[in-house]
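Beneath this line is the structure, given in structure tokens, with notes to follow.
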Amino acid sequence: MDESTSSLDKRIELMRQHMDGMTQVVPWARETGFKVTRVERGQVWGVQPFAEHLVGDVDAQVIHGGAITTLLDNLSGMACAASLEEFRFVATLDLRIDYMRPADSGRDIIGEAECYHVTKSVAFTRAWAYHESRDKVIATAQGAFAINKPRPKASLGVPE
């Protein structure tokens, strides 16, 4: 990348290069096994593969709502990271989930999140969980994320 490329563009490119590892730093994301599939400025997509240990209703064989919440919460936080001009950690302040219908039995779930507004200390997101398209959503989410103060590079394991 040339010098005219913004730090946000560089971070998004770094996120794209490390999509497989992005979920490994968050224990709940690691446990559910969801994967990030696409990163754009202010938007992140992922997939929650169907897994037996995530089933909430044994008879219906559908993924538990808590796994869907985890997917949308994590994608939303990542969308915040893909929106901020400088690298900052974010923390969920508020997350509202509306469940529209159960997921289909035995199927993966696609997730999509966007950060649509950023203030000095809070980022706001919208997110969707679905199978084929957002035309028939399983759940939607709206969130607010605290933008934490920058940490010294040394605390992140990065030399100053």
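The values are calculated or read from the model by the stated rules, or taken from the named source; none is laboratory data. Computed from a predicted model, the values in this text were never measured in an experiment. For neighbour counting, all protein chains shown are included, and Cβ atoms are generated from backbone atoms with ideal geometry for every residue, glycine included.
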Seminar exercise, completed: Of (1) closer than 20 Å to Gly143 by Cβ; (2) under 17 Å from the mean Cα position of the chain (by Cα); (3) free of Cβ contacts under 8 Å to residues at least 40 places away in the same chain, His64 satisfies every one except (2)
Problem set entry | Enumeration of residues in the stretch 37-61 that are in contact (Cβ under 8 Å) with a residue 12 or more places away in the chain, buried (at least 17 other Cβ atoms within 10 Å of the Cβ) and either farther than 27 Å from Arg16 by Cα or not small (Gly, Ala, Ser) (or both) | Val39, Gln43, Val44, Trp45, Gln48, Phe50, Leu54
For this session: Pairs only if they're at least six apart or on different chains, beta carbon under 6 angstrom, first in the stretch 88-103 and touching a residue at least 12 places away in the same chain (Cβ under 8 Å), second of a type in the set (S, T, N, Q) and not in a strand (DSSP E or B); list them, first residue then second.
Result: Arg88/Asn148; Phe89/Asn148; Ile97/Thr69
Seminar exercise, completed: Within the stretch 83-115, the residues that are hydroxyl-bearing (Ser, Thr, Tyr) and exposed (fewer than 14 other Cβ atoms within 10 Å of the Cβ) are Ser105
Seminar exercise, completed: Residue hits (the stretch 37-88; touching a strand residue (DSSP E or B) at 6+ places or on another chain (Cβ under 7 Å), closer than 18 Å to Ser7 by Cα and at pLDDT below 90) are Arg88
